[in-house]
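Peer 1: Structure below; questions to follow.
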Amino acid sequence: MKPEIKAERLIAFLEETAVYFIVKAENIDRDRYFADRDSRNILDKTVNDLILSIVDIAEECLKNKKLSIPDTYKDTVLACHELLGEIVLRIAPLTKHRNETIHQYLKMNWQNVVTVKKNIPDVHEFAAKAKGFLMAK
């Protein structure tokens, strides 16, 4: 697959997943999150998908400029600072929430959902900046 097509698909997936997350999180509070296993699984999986998409997009940005890809998710996102600007400083901390969520630190998961939900505007801004960078000819 051509790099620009892959990048386009990743960005579209990130944007769609951010909207899906907001819809699914809309009527979920802490008590329902803990009581409703289906809702909890949907939100946890979507947090994982969002963060992995961000990292994949960051990797595509780095590959585009033939830069090396760091070893950690957070460092990969931060390595895009010169390419995408200040948004990476707001997005990079979200990567820690993926590990906490995926490794089932249950007490932390609700706070991760809240944090990611609060940062969805940054996710959209990251997607827009990455799209502008990767689609520029």
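Peer 1: Restricting to segment 80-99, name every residue that is touching a helix residue (DSSP H, G or I) at 6+ places or on another chain (Cβ under 6 Å) and either outside any helix (DSSP H, G or I) or more than 19 Å from Asn112 (Cβ to Cβ) (or both).
Peer 2: Of everything in segment 80-99, those that are touching a helix residue (DSSP H, G or I) at 6+ places or on another chain (Cβ under 6 Å) and either outside any helix (DSSP H, G or I) or more than 19 Å from Asn112 (Cβ to Cβ) (or both) turn out to be Cys80, His81, Leu83, Leu84, Ile87, Val88.
Peer 1: What do you reckon, is Thr17 in contact (Cβ under 8 Å) with a residue 12 or more places away in the chain, within 16 Å of the chain's Cα centre (by Cα) and farther than 15 Å from Phe126 by Cβ?
Peer 2: Working: in contact (Cβ under 8 Å) with a residue 12 or more places away in the chain: yes; within 16 Å of the chain's Cα centre (by Cα): yes; farther than 15 Å from Phe126 by Cβ: no.
So Thr17 does not fit the description; no.
Peer 1: Would you be able to tell me the number of residues in segment 57-71 that are closer than 16 Å to Ile5 by Cα and out of contact with any Phe, Trp or Tyr (no Cβ under 9 Å at 6 or more places or on another chain)?
Peer 2: Going residue by residue through segment 57-71, those that are closer than 16 Å to Ile5 by Cα are 57-64.
From what's left, out of contact with any Phe, Trp or Tyr (no Cβ under 9 Å at 6 or more places or on another chain): 59-60, 62-63.
Summing the residues that are closer than 16 Å to Ile5 by Cα and out of contact with any Phe, Trp or Tyr (no Cβ under 9 Å at 6 or more places or on another chain) in segment 57-71 gives 4.
Peer 1: Pick from segment 25-47 the residues that are within 17 Å of the chain's Cα centre (by Cα) and crowded, with 17+ Cβ neighbours inside 10 Å: which of them is nearest to Ala92 (Cα to Cα)?
Peer 2: Within segment 25-47, the match that is nearest to Ala92 (Cα to Cα) is Val47.
Read-outs throughout are calculated quantities, based only on the coordinates presented, and are distinct from any laboratory measurement. Nothing here was measured: the structure is a model prediction, and the numbers come from that model. Here Cβ is always computed from backbone atoms with ideal geometry, including for glycine, and neighbour counts include all displayed protein chains.
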